[in-house]
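Scroll down for the structure; my scribbles are underneath it.
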Amino acid sequence: MWRNCKGYTMLEVVVAFGILLFVVYSTLPLYVSIVQERKNQKILNQANTLLHEELMKYKYSKSYEEGEEYVVNKISYRFHWENHVQGLKKVCVQWVDLSDREKTRCDFIRK
């Protein structure tokens, strides 16, 4: 039964290895972008947390510093305050994510 079985030929091994390399190298950029976007999402969550803390600090002390800047994990977050209509104050946080895109998140609070 096993007499005529000679195993895989070198050509079959090379073709299978080539297909494997093609699959790996075609999915590698996708994996890298997913990892980078995951890190960007963590940065966005940190920005939302800092924005909430600034709003709570203003709510309880009624004071703020214009142009305040925080650096967390080598990311710089800048705050800007504006007077808005109907007795509202607008506060925005700006930062640059790992893809070098400038991001802004804003929220409102009553004066």
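Read the figures in this text as sums done on the coordinates, not as results from a lab. A quick note: this is a predicted structure, and the numbers were derived from the prediction, not measured. Here Cβ is always computed from backbone atoms with ideal geometry, including for glycine, and neighbour counts include all displayed protein chains.
Here are a few things to note about the model shown:
- Range in the chain, longest, excluding exposed chymotrypsin sites (Phe, Trp or Tyr not before Pro) [loop by DSSP; at most 12 other beta-carbon atoms within 10 Å]: 9-111
- Put simply, segment 10-110 fits an ellipsoid with semi-axes of 47, 11, 10 Å; these come from the alpha carbon gyration tensor as the roots of five times its eigenvalues, largest first.
- Sparse-neighbourhood loop sites, trypsin sites (Lys or Arg not before Pro) in segment 1-95 - DSSP loop, at most 14 other Cβ within 10 angstrom: 3, 6, 62, 74
- Between residue 9 and residue 61, the modelled labels are 7.9 nm apart [label points 7 Å from Cα along Cα→Cβ].
- Karplus-derived 3J(HN,Hα), 6.51/-1.76/1.60, for each residue of segment 99-109, Hz, glycine and proline x: 8, 6, 9, 7, 10, 9, 10, 10, 8, 10, 8
- For the chain, relative contact order (Cα pairs under 8 Å, six or more residues apart, normalised by length) works out to 18 percent.
- Loop sites in segment 17-75: GluC sites (Glu not before Pro), DSSP, at most 16 other Cβ within 10 Å: 65, 66, 68
- Label-point gap, in nm, between residue 106 and residue 27 - each point 7 angstrom along Cα→Cβ: 4.3
- Proximal charge balance of residue 79 [Cβ under 15 Å; K/R count +1, D/E count -1]: -2
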